[in-house]
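**Student:** The structure that follows is given in the form of structure tokens.
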Amino acid sequence: MEKPAARRDKFSIFGPRALDRVVRCVAEGQGLSKTDFMEKVRQSNQACQQGDFGAAIRLYSDALLADPQNCILYSNRSAAHLKLGQYQAALEDADKAQQLNPKWPKVRPDSITP
């Protein structure tokens with residue numbers, strides 16, 4: 001049987017599998033190489049796992065400059081805003097993620113309430 005921590009990482013939006021999902025959606029963009037983009041995403045996921053949600057928001061924002069159509073980054077940034085009690089910003093990012101990919105399973109803007 002899997003340990004609870006391993007199971008939690010497997011399904012966490014900030015876990016190692018989240019990075020794999022971003023790789024499939026990455027579009028090389030403005031000012032960041034694919035390697036630099038992936039490093040920003042890795043750092044932002046790591047910051048979230050460590051509870052440094054402010055740093056994660058900044059890093060997700062940097063990555064979004066390179067790939068502004070990435071619903072996963074908006075979804076993850078929304079979750080980081082939510083952890084900091086920034087409900088309006090969380091809702092805006094959740095809305096944007098849903099606009100970019102209406103079938104994205106982690107976006108439910110009606111469930112974000114202060």
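The values are calculated or read from the model by the stated rules, or taken from the named source; none is laboratory data. What you see is a predicted model, and the numbers here were worked out from it, not measured in a lab. In this analysis, Cβ positions are derived from the backbone assuming ideal geometry, glycine residues included, and neighbour counts consider all displayed protein chains.
**Student:** How do the pairs read when you match residues in the range 36-58 that are on the phi < 0 side of the Ramachandran plot with residues anywhere that are aromatic (Phe, Trp, Tyr) and assigned to a helix (DSSP H, G or I), using Cβ under 7 Å and keeping only pairs 6 or more apart or on different chains?
**Tutor:** Within 7 Å, the pairs are Ser44/Tyr60.
**Student:** For the range 66-86, what are the residues that are farther than 21 Å from Pro102 by Cα and surrounded by fewer than 18 Cβ atoms within 10 Å (Cβ to Cβ)?
**Tutor:** Once the filter is applied, which keeps residues that are farther than 21 Å from Pro102 by Cα and surrounded by fewer than 18 Cβ atoms within 10 Å (Cβ to Cβ), the range 66-86 yields Lys83, Leu84, Gly85.
**Student:** Go through the range 19-68 and give me each residue that's among the hydrophobic types (A, V, I, L, M, F, W, C), at pLDDT below 85 and within 26 Å of Leu84 (Cα to Cα).
**Tutor:** Answer for the range 19-68, where residues must be among the hydrophobic types (A, V, I, L, M, F, W, C), at pLDDT below 85 and within 26 Å of Leu84 (Cα to Cα): Leu19, Val22.
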